[in-house]
Amino acid sequence: FKTCPGRVISKLLCSGEKEVDLAVQSAKAAFKIWSQMSGMERSRVMLEAARIIREQREEIATLETINNGKSIFEARVDIDISWQCLEYYAGLAGSLAGEHIQLPGGSFGYTRREPLGVCVGIGAWNYPFQIACWKSAPALACGNAMVFKPSPFTPISVVRLAEIFTEAGVPKGLFNVVQGGAATGQFLCHHPDVAKISFTGSVPTGMKIMEMAAKGIKPVTLELGGKSPLIIFSDCALENAVNGALMANFLTQGEVCCNGTRVFVERKILDVFTKEVVKRTQKIKVGDPLLEDTRMGALINQPHLDRVQGFIKQAKEQGAEVLCGGDLYVPDDPKLKNGYYMRPCVLGNCTDDMTCVKEEIFGPVMSILPFDTEEEVVERANNTKFGLAGGVFTRDIQKAHRVVAALKAGMCFINNYNISPVELPFGGYKASGFGRENGRAAIEYYSQLKTVCVEMGDVESVF
């Protein structure tokens, strides 16, 4: 496992079938204790975990930067979102309730919201700590246990989260971490004592997880890839739209599933918008992610860097123009010479049929496409197998709401981008998956309803 300079920082053993079973059985035992606690009791433990994360923010952010390669500036934001997520679901834990329904003759019915059992979380390498919190917080609030498998590229920060949960007072084994790749994930998905699977990652892996879960009739939440549209109308506040385009493409080295990488710009302002975006992109400081003024760190590993470079090469072959960046970057610091760095790239002269416009690159590559009418751009924006996110920049608020209503995407932004408060549900349409992270909506995916019908009179038999 490597940091951004390509240095091995730790070696972990992959969890085999035996280790996975031990983790699940441990979680199962902890579930018996945790699920019998009141929501308020669970809330207090979760609030303590949030307090520890908040108190150790700098230490955990540094660990995450070493783990992932993103800038320390961004890692701090990730850690803040993480403790906020735990606080939010701690607040909901004590309020989880069913309904009371009055029936004829004094009879009544009621529903109970009950936990599922041992849930599995499988995380991605772009937001390792944050994703683990997004999955574990609603799961634990509902009374579940969780076995979490981080990406083998970013294995370390989730282990710290497990330690924090233990320090906060959860029953031993309630949040277990197993390490490994596809084989470990298969053992988790096939395990008979696993009640639910929540996965963040690629579409092909998500499809495999669905297939495995189907054999056990297990519910799944899938947060998969995207190729999201960002629509810039000529009546936008230009500086704000440029800021939004940068936020939509270059956070975490472009390794963000909901990034708005298809930037549709109304032709009237195409030249001035493009010029400003290129100017701003060229000023982004790339380099050592632990330095305070760095805004873009290293990509996750060499194969991924090569893949992103391949997309840029193919884009040029298909007629796109590299307006800036796209080349490898070698920092002055000799300790960083083996890092996986590249300059953020803006592509012009793009068309909808180009590979760089159709496929998820998952790197710092923005494709700019002109459009003329609202009707045209909405049709083009929706012409994709993905449906994770979408954004609109305009001063016309009616047009903004009209366009986002027409976008086939689960997470839409108006005059901002990549803002994901934990209070709001997050998830996609179409090949981008289903189910939701965050907000009250996530409670639906980590609990189940039991209906109880109570007869207050004599049973009338038809026999």
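The values are calculated or read from the model by the stated rules, or taken from the named source; none is laboratory data. The model shown is predicted, which means the values in this text are computed figures rather than measured ones. Reconstructed Cβ throughout: ideal geometry from the backbone, glycine too, with neighbour counts over all protein chains shown. To get the accessible areas, we keep the full protein, side chains included, count just its heavy atoms, and leave off ligands, DNA and RNA. Shrake-Rupley method; radii C 1.70, N 1.55, O 1.52, S 1.80 Å.
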Listed residue pairs exceeding 21 Å between alpha carbons, taken from K28/K196; K279/K358; K227/K279; K275/K337: K279/K358; K227/K279; K275/K337
What is the packing order of peptides 319-329, 180-190, taking the mean over residues of other C-beta atoms within 10 Å and listing the highest first? 180-190, 319-329
Could you order S136, S234 by accessible surface area, starting with the largest, using a probe radius of 1.4 Å? S234, S136
For Cα pairs less than 8 Å apart in space and 6+ apart in sequence, what is the mean separation divided by the residue count of the chain, i.e. the relative contact order in percent? 19 percent
How large, in percent, is the carbon and sulfur part of the accessible surface of the range 179-275 at a probe radius of 1.4 Å? 63 percent
Taking only Cα atoms, what is the 0 to 90° angle, nearest 10, from helix 57-68's long axis to the longest principal axis of the chain? 70 degrees
The range 1-63: GluC sites (Glu not before Pro) in DSSP coil with no more than 16 other Cβ atoms inside 10 Å: none
In square angstrom, rounded to the nearest 10, how much accessible surface does I397 have for a 1.4 Å probe? 100 Å²
Can you tell me the convex hull volume per residue for the chain, based on C-alpha atoms, in Å³ to the nearest whole number? 169 Å³
Given the DSSP H assignment, sum -39500 (n - 2.57) over each helix run of at least 4 residues in the chain and divide by its residue total; what's the result at 222 nm in deg cm²/dmol, nearest 500? -12500 deg cm²/dmol
The helix 128-141 Cα axis meets the longest alpha-carbon principal axis of the chain at an angle in degrees, between 0 and 90 and rounded to 10, of 20 degrees
Set of aspartates and glutamates with alpha-carbon distance to K430 below 16 Å, sequence-local pairs under 8 removed: E223, E359, E360, E379
Which whole-number percentage describes the relative contact order of the range 78-233, with Cα contacts under 8 Å and a sequence gap of 6 or more? 21 percent
The helix 39-55 Cα axis meets the longest alpha-carbon principal axis of the chain at an angle in degrees, between 0 and 90 and rounded to 10, of 30 degrees
With a 1.4 Å probe and all protein chains left in place, how much accessible area per residue does the chain have, in Å²? 43 Å²
